[in-house]
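Contents: one structure, followed by commentary.
Every number here is computed from the coordinates shown, using simple stated rules; none is lab data. In this text, all values refer to a predicted model and were calculated from it rather than measured experimentally. No Cβ is skipped: glycine too gets one built from the backbone with ideal geometry, and neighbour counts run over all protein chains shown.
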Amino acid sequence: MPMEFINQNILLISLVVVSGLSLLWPAFFRPSGNSVSPAEATQLINREDAQLLDVREADEFAAGHLPDSVNIPAAKLVERVGELEKFKDKPLIVCCASGMRSNKACGELKKQGFGKLYNLSGGVDAWVGAGYPIKKGGKKK
């Protein structure tokens, strides 16, 4: 009898399962840093002298990055974290192309003792989409 009900209502049951997982997703995959929009990031830069950290690969960075950002690829973050020590007590806005790598980087930086971390929601793509300027070439380390 229960199998018959499941077979007759498989679409309904699937919908319930997918809906339940959608509700639980944020509980398990919370951003490691506070997410900020491009507008909020600009306010942090202007008002609190926030530092920008771009965790994309060097070629992605050279193709276009936020002005005055420092590039340390996510894969090298642990070994190069010492370069960020001077920003430990300042707001640090971490970005990548879409916000995924930067979220992971925020988690790693939090473990290293950084307290004022912000993940640029939507990454460089959102920054460009909002009409904010980017700089090309010239690697700033």
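Some observations on this one:
- By the count of neighbouring beta-carbon atoms within 10 Å, fewest first, Glu57, Glu48 end up ordered Glu48, Glu57.
- For Ser35, residues with placed amide H under 5 Å, excluding near neighbours: Asn119
- Antiparallel DSSP beta bridges within the chain, as percent of all bridges there, nearest 5: 5 percent
- Once the Cα gyration tensor of the chain is diagonalised, semi-axes √(5λ) in Å: 38, 17, 14
- Using the rule -39500 (n - 2.57) for each DSSP H run of four or more residues, divided by the residues of the chain, the 222 nm mean residue ellipticity is -13500 deg cm²/dmol.
- Förster radius 22 Å - calculated FRET efficiency between Asp49 and Glu79, Cβ distance, rounded to 0.05: 0.25
- Sequentially through the stretch 77-86, phi angles give Karplus couplings (6.51, -1.76, 1.60; θ = phi - 60°) of 4, 4, 6, 10, 4, x, 5, 9, 3, 5 Hz, Gly and Pro residues having no value and appearing as x.
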